[in-house]
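Enquirer: I am attaching a structure below and will ask some questions about it afterwards.
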Amino acid sequence: MASITPEAYRKRMTRAYELPLLYMVMLFQFACMLLLTFRDGSVEPFSLLMSVCLPVGTFLGLKILSRLFYADRCIYILVAFLCSLGVILLRAVLKKETDASDQAVFVGVGFLFMLIGAFVGSRNSLNEKFLFFMMPVCLGVMCLPFVFTSSSAANNWVRIGSIQFQPSEIMKPVLIVMLAKGFSDKSGWRKWIVYILFSVLACGILFRQPDLGSLFIFFFITVCMFFIGTGNWKVTVFVLALAAGGVAIFLSILDKVPAFEYLASRIAIWKNPWNGEYENARQIVQGLISIASGGYFGAGLGLGSADRVAVVSSDYIFAALAEEFGTPFSILVLGVYLLILIRSTQIAMNARSRYHALLSFGSVFALTIQMLLIVAGNLHILPLTGVTLPFVSSGGSSILASMTMAGLILGVSSVNAEDEYDDLMRLSDGRWRDE
């Protein structure tokens, strides 16, 4: 018998499969950026720098995270892979160095947000009075696009000088924390209705902007977290049926209401993107051509033509991925999201408190539903909703929100590890049996 510390316990539980995965991700980062360094026949300084910074940053990030939390290292490594893939794609597809360098900076800042999320996730639920105070503040932030200049027909961006951000992205982790607190309370509808009302008001603001992608995500986060937290399947089915009926009615009158002209044109373009009358349909057509031109094995890193697709860095980053790397690698990337979903769901199921279980489930559900929306949009299965591919697409708001949600999951996994360690110590009288 030998004594064991929590750090040693986590090492024994994860080291066997964590290091090979870490080394594979670091090798992928180094090899891709090294290829881009010599793509044009001369040494490209930024890519050469990133060939060192990406793997070293991934390794140091894991060490820092391990020092601060007993978190699930596998999820961190998978998230680091997706984040680095975004930097690689932006440098390979776009000709300007600033796009990839800005993304690398956002990833670095996003790591700090991940640590903040892990801290929040590893604590007990937040004070309810504080959350009640924050609700009107959050709704006010979501209303900012109505006041400040927007950058698109969908009025969901805020531009203040040179600073631009999307409030709906920032509010996703906030919504998850609030709903986890609300639906973990066993007091019943007296407490639940306040948090449901907050979500309804947030969805109403998104509908007015309109930002249907974020509206869809907010709605399903609320419904699914309500069902997981309360187990009330009757209300859940009723709300889903009511929403389906509302969508059917909305689509039937969409082209008859002038206020919804923008949405009507987007759906018409999705139905028939090959119609030459729709100038904005060019993005869908170019995206499909980009995916097809890559073939099964891809055009090769930096050899594709996805830069011809409008807004490829955010809306159509999956199309660029498919063209550059091919179909098998694209499926592998989707498998990475699936692994994050599975491990995060296991973390939620192993949580000892309803709050932590809802926190982990809500975070991974938001990331997964957002991934499905953008991939389905790129493949022309669903209308393009304007959401981003988590961790990969360009944009500071998206990266910071996604990494905060990943941090919430890591924080819950840290709590689970501490609970498991305490249980083992009680069972072994504070000693660990060596095999």
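The values are calculated or read from the model by the stated rules, or taken from the named source; none is laboratory data. Note that the coordinates shown come from a computational prediction; the quantities given were computed from them, not determined experimentally. For neighbour counting, all protein chains shown are included, and Cβ atoms are generated from backbone atoms with ideal geometry for every residue, glycine included. Accessible surface areas use protein heavy atoms only, side chains included; no ligands, DNA or RNA. Shrake-Rupley method; radii C 1.70, N 1.55, O 1.52, S 1.80 Å.
Enquirer: Within the group 413, 344, 360, which residue is touching an Asp or Glu at 6+ places or on another chain (Cβ under 6 Å) and modelled with pLDDT of 90 or more?
Expert: After ruling out the rest, the residue left standing is 413.
Enquirer: Let me ask something additional. Tell me whether the range 381-394 contains one or more residues that are among the hydroxyl-bearing types (Ser, Thr, Tyr) and either assigned to a helix (DSSP H, G or I) or under 21 Å from residue 227 (Cβ atoms) (or both). Working first, answer last.
Expert: Pass one, the range 381-394, residues among the hydroxyl-bearing types (Ser, Thr, Tyr): 385, 388, 393-394.
Remaining after also requiring either assigned to a helix (DSSP H, G or I) or under 21 Å from residue 227 (Cβ atoms) (or both): none.
Within the range 381-394, not a single residue is among the hydroxyl-bearing types (Ser, Thr, Tyr) and either assigned to a helix (DSSP H, G or I) or under 21 Å from residue 227 (Cβ atoms) (or both).
Enquirer: Run down 107, 56 and say which single residue is in contact (Cβ under 8 Å) with a residue 40 or more places away in the chain, open to solvent by 30 Å² or more (accessible area, probe 1.4 Å), within 20 Å of residue 25 (Cβ to Cβ) and aliphatic (A, V, I, L, M).
Expert: 107
Enquirer: Residues of the range 201-241 being of a type outside the set (Lys, Arg), free of Cβ contacts under 8 Å to residues at least 12 places away in the same chain and part of a helix (DSSP H, G or I), which ones?
Expert: 204, 207, 227, 233, 235, 237, 238, 241
Enquirer: Looking at this structure, is residue 291 surrounded by 12 or more Cβ atoms within 10 Å (Cβ to Cβ), more than 15 Å from residue 383 (Cα to Cα) and at pLDDT 80 or above?
Expert: It is true that residue 291 is surrounded by 12 or more Cβ atoms within 10 Å (Cβ to Cβ), more than 15 Å from residue 383 (Cα to Cα) and at pLDDT 80 or above.
Enquirer: State whether the residues of the range 120-130 include one that is over 22 Å from the mean Cα position of the chain (by Cα) and among the hydrophobic types (A, V, I, L, M, F, W, C).
Expert: Yes, because at least one residue in the range 120-130 is over 22 Å from the mean Cα position of the chain (by Cα) and among the hydrophobic types (A, V, I, L, M, F, W, C).
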